[in-house]
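These notes concern the structure reproduced below.
Derivation of every value follows stated rules applied to the coordinates shown; laboratory data play no part. Since the model is a prediction, treat every value here as computed from it, not as a measurement. Heads up, the Cβs are rebuilt from the backbone with ideal geometry, glycines too, and the neighbour counts pull from every protein chain shown.
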Amino acid sequence: MGKTPYNDLNSQNVLSAHVSGVQHDVNKLQEVLNMQTSSVTGHALNPVNDQEDPSLRYRIYEGSIRNWLDNPLPTIYRNGSVVASDEYSLQAPYGVIVFNQQQNSNDNMSADFSYINNDSKTINDIETDINSNNDRIIDLENKEIQLSGTRMFVSSGTWASHNADGFADLATNTAMAASLIDAFPFPVGHTMTLDRMAVRVDTGAGSTGAMAIYKDNQGYPDQLIIDGGTFDTSTTGWKENTIDVTLEPGMYWLVRNQDGSCAMSGFTYEEVIPAGMDIFTMPRKSAIDDGTADMRNAGIFGGLRGSTSAGLSGGFPQTFPSGITPFSRSHYCSIFVRRA
């Protein structure tokens, strides 16, 4: 970093060169900061009249604003009339004029001029860039990092669920227990409007099921995006409800609950987007291949599950219930949504 080697002065006369050196440094700072200007009209000029010699009084007039520009040239007024420039000496940087002759003590002096204000374009541009970057960071935090999945590309009129990329085989008759809520991760890669929400009941039991979509917060459902309504679990077939919701890119959760031990269709453990894993209970591939692994407790979690009656009476709560934990099983009772 370059630095002017100023030193404290000893007792001596202050030379014009001393002042000039400081002025040059000030001008360099103004250039770096790209200082901005303002204009003022009718600015009052006050006489400097504290001199011991009375003849020197009412010759020097100064404004309360300093650092005038000399281009455009300031205009000086005396009692509202323009003063000829040959009557005075202008010292614009200091906001001072010095008259050649003493002025009347009753004269009112004023000036129109442009001056350097305290606004720096360089700093303003930096602050604008910082604010813009902060907005981008907040936007990225809100959108989060997306998992791969079929939600990245969903055409109008087609369905999506919590299955991962590739082909997914829809298994049937996966048994459920009453008041046992499931939540499945649902990443959205682009803005989409959904108009349907559905499940398939294969074996009827109980009377009511319910569906919803929640926004994610650090890997857990948080605020309700839309209550997908209830469906009849006493009869079989596709249960399809009309919804109207637009999802921005981000992570969401598909949620379902039921009041009876019905059975539904869904994806296998191999086909869903994982919600995490337990490395200490994960089975060996050989155990999976020969069928000896218990995939209901395999440590590869396909979603969250817990005992609650949320959604079955009076709709889903605005904030998702606490205490719902990761779970694994060989087959899941999946939830489906359709893009409008």
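Once the Cα atoms are used to define both axes, helix 16-33 deviates from the longest principal axis of the chain by about 30 degrees. Between the listed residues Asn217, Val26, Gln103, the Cα displaced farthest toward the positive end of the dipole of the chain, a dipole computed from Cβ unit charges relative to the Cα centre, is found at Asn217.
For the range 209-275, the extents of the C-alpha atoms along the principal axes are 35, 31, 18 Å, listed from largest to smallest. Packing-based ranking of 32-42, 10-20 yields 32-42, 10-20, ordered from highest to lowest mean Cβ neighbour count within 10 Å.
A Cα-only calculation for the range 150-339 places Rg and Dmax at 15.7, 47 Å. Label zone of Glu127 (point 7 Å out along Cα→Cβ, amide N under 16 Å): in the range 12-43 this covers 33-37.
Counting only the Cα atoms, the chain fills a convex hull of 293 Å³ per residue.
Under the criterion of Cα pairs below 8 Å and six or more residues apart, the relative contact order for the chain equals 17 percent.
Here each label is just a point 7 Å from Cα along the line to Cβ, and for Asp107 and Trp238 those points are 9.5 nm apart. Eigen-decomposition of the gyration tensor built on the alpha-carbon atoms of the range 11-107 gives equivalent ellipsoid semi-axes of 26, 20, 11 angstrom, largest listed first.
Projected label points at Asn46 and Val32, each 7 Å from Cα along the beta carbon direction, are separated by 3.3 nanometres. Restricting the trypsin sites (Lys or Arg not before Pro) of the range 1-101 to loop positions (DSSP other than H, G, I, E, B) with no more than 11 neighbouring Cβ atoms within 10 Å leaves Lys3.
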